[in-house]
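Participant: Sharing a structure, written as structure tokens. Questions coming.
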Amino acid sequence: MKKLFVCFAVAAASVVAPAYAQTKAKPASAAAATPAASAHQVGLIDMAYVFKNYAKFKSMTEEMQTDAKAAQAEAEAMVEEMKQIQTKMQTLQDGSEDFIANEKKILTLQTNLESFRKVQQREFLRKEAEIYKTVYMEVQENVQRYAKHYGYTLIIRFNRQSVDAAENPQEIITSMNRQVVFYREQDDLTDPILDFLNKQYGDASGGAAAPAKEARRTTPATK
């Protein structure tokens, strides 16, 4: 079965610089009425890494793979039945009633097999899309909660793999074309959010959560 993991695109964002200060001082009353501009705090998250290492996503995809194997076994059984009928037809006289009856069986099985494969393909594509949507919405919700709690004003998707880790030419070019050229490690929120998701899923499912990797940061840097 094709790998389900999908490469996520890297988003880009810009931070607007604050307006220049007025050359003339405002009256005290006017200055007091003007709210102070809040400082931007930008965070980063590698969504592809989160999906790949999120226990819930692994569990859901493994379950779908099990269903796919069952469907494949059913299709193979239909193919095997057709082979058996073809073997039997070799012992029958061409044009006889038994020969024609078995020929019709093969045609029916071929039609059923083609229909079965098309239905299964559509169903698995639907399930796959639903899995990605479910997990993405869950990750997004927790990113928003994390950002609000720690005062982040912007969270950007990025690829945390460095150019040094790239091996083949395509990976090198892709790494060099990343939007995020520099970032502080404490602003990479991938690990703390992933660890929280795995712990939350482990508690909800009653099983052990995936081992937490050493987080690059646990709390946002103090501005």
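Participant: Output the qualifying pairs, or none if there are none: Cβ atoms under 9 angstrom, residues six or more apart or on different chains, first residue in region 82-96 and assigned to a loop (DSSP other than H, G, I, E, B), second residue surrounded by 12 or more Cβ atoms within 10 Å (Cβ to Cβ).
Facilitator: LEU92/ASP98; LEU92/PHE99; LEU92/ASN102; GLN93/PHE99
Participant: Pick out the one residue from THR61, THR23 that is modelled with pLDDT of 95 or more and either surrounded by 14 or more Cβ atoms within 10 Å (Cβ to Cβ) or in a loop (DSSP other than H, G, I, E, B) (or both).
Facilitator: On the way: THR23 fails: modelled with pLDDT of 95 or more.
Exactly one residue qualifies, and that residue is THR61.
Participant: Whether any residue in region 170-177 is outside any helix (DSSP H, G or I), among the acidic types (Asp, Glu), within 21 Å of the chain's Cα centre (by Cα) and on the phi < 0 side of the Ramachandran plot is what I want to check.
Facilitator: Taking region 170-177 and keeping what is outside any helix (DSSP H, G or I), we get 177.
This time we only want the ones that are among the acidic types (Asp, Glu), so: none.
Checked against the condition, which is being outside any helix (DSSP H, G or I), among the acidic types (Asp, Glu), within 21 Å of the chain's Cα centre (by Cα) and on the phi < 0 side of the Ramachandran plot, region 170-177 yields no hits at all.
Participant: What single numbered condition from (1) exposed (fewer than 11 other Cβ atoms within 10 Å of the Cβ); (2) touching a residue at least 12 places away in the same chain (Cβ under 8 Å); (3) closer than 18 Å to LYS52 by Cβ fails to hold for MET137?
Facilitator: Tallying (1) exposed (fewer than 11 other Cβ atoms within 10 Å of the Cβ); (2) touching a residue at least 12 places away in the same chain (Cβ under 8 Å); (3) closer than 18 Å to LYS52 by Cβ, MET137 fails exactly one: (2).
Participant: List pairs: first residue in region 161-172 and closer than 22 Å to TYR183 by Cβ, second residue at pLDDT 75 or above and outside any helix (DSSP H, G or I) anywhere in the structure, Cβ distance under 9 angstrom, at least six positions apart or on different chains.
Facilitator: Every condition considered, the pairs that remain are GLN161/ASP46; GLN161/ARG178; VAL163/ARG178; GLU171/GLN161.
Participant: Within the group ALA70, ALA48, which residue is part of a helix (DSSP H, G or I), free of Cβ contacts under 8 Å to residues at least 60 places away in the same chain and among the small types (Gly, Ala, Ser)? Step through it out loud before you land on a result.
Facilitator: Working: ALA48 fails: free of Cβ contacts under 8 Å to residues at least 60 places away in the same chain.
Result of the check over ALA70, ALA48: ALA70.
Participant: Would you be able to say whether some residue in region 42-58 is farther than 30 Å from PHE182 by Cα and either modelled with pLDDT of 95 or more or touching a Phe, Trp or Tyr at 6+ places or on another chain (Cβ under 6 Å) (or both)? Let's see the steps before the verdict.
Facilitator: Within region 42-58, the first condition is being farther than 30 Å from PHE182 by Cα, and the residues that meet it are 56, 58.
So of that shortlist, the ones also either modelled with pLDDT of 95 or more or touching a Phe, Trp or Tyr at 6+ places or on another chain (Cβ under 6 Å) (or both) come out as 56, 58.
Yes, the conditions are met somewhere in region 42-58.
The values are calculated or read from the model by the stated rules, or taken from the named source; none is laboratory data. Bear in mind that the values here come from a model prediction, so they are computed numbers and not experimental data. Every residue, glycine among them, receives a Cβ derived from its backbone with ideal geometry; neighbour counts consider all protein chains shown.
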